[in-house]
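Worksheet: one structure, shown below.
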């Protein structure tokens, strides 16, 4: 298997504060790999060590076969970086930014074609300050793609965007991956990680506490599904005998069933039908990566 990133036993501390401890993972070429975690989990430090922005205190990092510290200049030509806290001079025009950044690389793609692909052709002469939030994000992606990179870092790509712009960004990320690129994505949006990522690493207190595909994480950590429906009283005790159900409760005229298992919905509906229990307005809520995240890291607010 060809690897874009290989990290083994990464360690980084800031004086007495250990930011990253014993972190190891691989990112195969062509994957979208997500890193998620609460504030202060060590996500940013880990990614900055991979990018060569920070020097680790221990462990080994290999990015596209290169050492990100000793071979930083060579690596810069092969990666693209979109940062969460990015800014450009307010009066700098879109085309000027692209032309300037293109000059930083040994080779670059035609930025005019990038403008077309990213829907910014009509903003070519617009000043940075005049762009909307979504347009600024697309410009930063264009800047990250100028050198036709093999590996692209996307940091909190859709923070501050409305739902329509967020979905458009997701489509763009999928298109980039379909071109054979590898993407390392950090995000606070669990739905974003679940929709986009081939694998996700959940970090907490400087360590990776879970790493797998989103589907496997949901199955492995027992996040529960919920089924609710309106029905007359008396059916609750009948449902409690179904394997996988962990809780049955009544809330007014609605029955709420929680449990685990791929066939849970079919079991519930089948039993109600066999027993002649009339029900209506059945709704389901499938377990999500957000449920797993909260189960593993807790729900308290962190600074």
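No lab work stands behind these numbers, since they all come straight from the coordinates. As the structure is a prediction and not an experimental result, all values here were calculated from the model. Cβ atoms come from the backbone with ideal geometry, glycine included; neighbour counts cover every protein chain shown.
For segment 130-286, what percent of Cα pairs sit more than 21 Å apart? The partial results should precede the final answer.
Numbers: 7369 of 12246 pairs.
Result for the distance tail: 60 percent.
Under the 0.36 nm per residue contour assumption, what length would be gained going from the current alpha-carbon distance of residue 13 and residue 247 to full extension?
On the way: separation 234, 0.36 × 234 = 84.24 nm, distance 4.39 nm.
Working it through step by step, the gained length comes to 79.9 nm.
For log10 I(q)/I(0) by the Debye sum over Cα atoms at q = 0.07, 0.12 Å⁻¹, one of (i) -0.27, -0.80; (ii) -0.37, -0.86; (iii) -0.48, -0.83 was computed from the structure I shared and the rest are decoys. Which label?
It is the one labelled (ii).
Roughly what would the spin-label model give for residue 100 and residue 279, points 7 Å off Cα along C-beta, in nm?
Result: 6.1 nm between the two label points.
For the chain, take the longest principal axis of its alpha carbons; what is the angle in degrees between that and the long axis of helix 264-274, to the nearest 10 within 0 to 90?
Result, in degrees: 20.
For segment 99-144 and segment 1-27, write down the distance between their C-alpha centroids in whole Å.
32
Taking R0 as 45 Å, what's the FRET efficiency between residue 107 and residue 127 from their Cβ-Cβ distance, rounded to 0.05?
With R0 = 45 Å, the Cβ-Cβ based efficiency is 0.95.
On C-alpha positions alone, give me the angle between the axis of helix 133-145 and the longest principal axis of the chain, in degrees, nearest 10.
60
Mind pulling the angle between the C-alpha long axis of helix 163-178 and the longest principal axis of the chain? Nearest 10 degrees, somewhere in 0 to 90.
70
Using only DSSP helix segments of four residues or longer, with each worth -39500 (n - 2.57), what per-residue ellipticity at 222 nm results for the chain after dividing by its residue count and rounding to 500? Walk me through the numbers before you get to the answer.
Details: 11 runs with 97 residues, N = 303.
After summing the helix terms and dividing by residue count, I get -9000 deg cm²/dmol.
What is the mean projected area of the alpha carbon convex hull for segment 224-286, to one decimal in square nanometres? Intermediate values should be presented prior to the final figure.
On the way: hull surface 14.6 nm².
If I average the Cα hull's projected area over directions, I get 3.6 nm².
With 21 Å as the cut-off, how large is the P(r) tail for segment 21-151, expressed as percent of Cα-Cα pairs?
Numbers: 4105 of 8515 pairs.
Roughly 48 percent, rounded to a whole number.
In whole Å, how far is the Cα centre of segment 38-71 from that of segment 196-272?
That distance is 37 Å.
Report, for the chain, the % of DSSP beta bridges that are antiparallel, rounded to 5. Walk me through the intermediate numbers first.
Values: 38 of 55 bridges.
Percentage antiparallel, nearest 5: 70.
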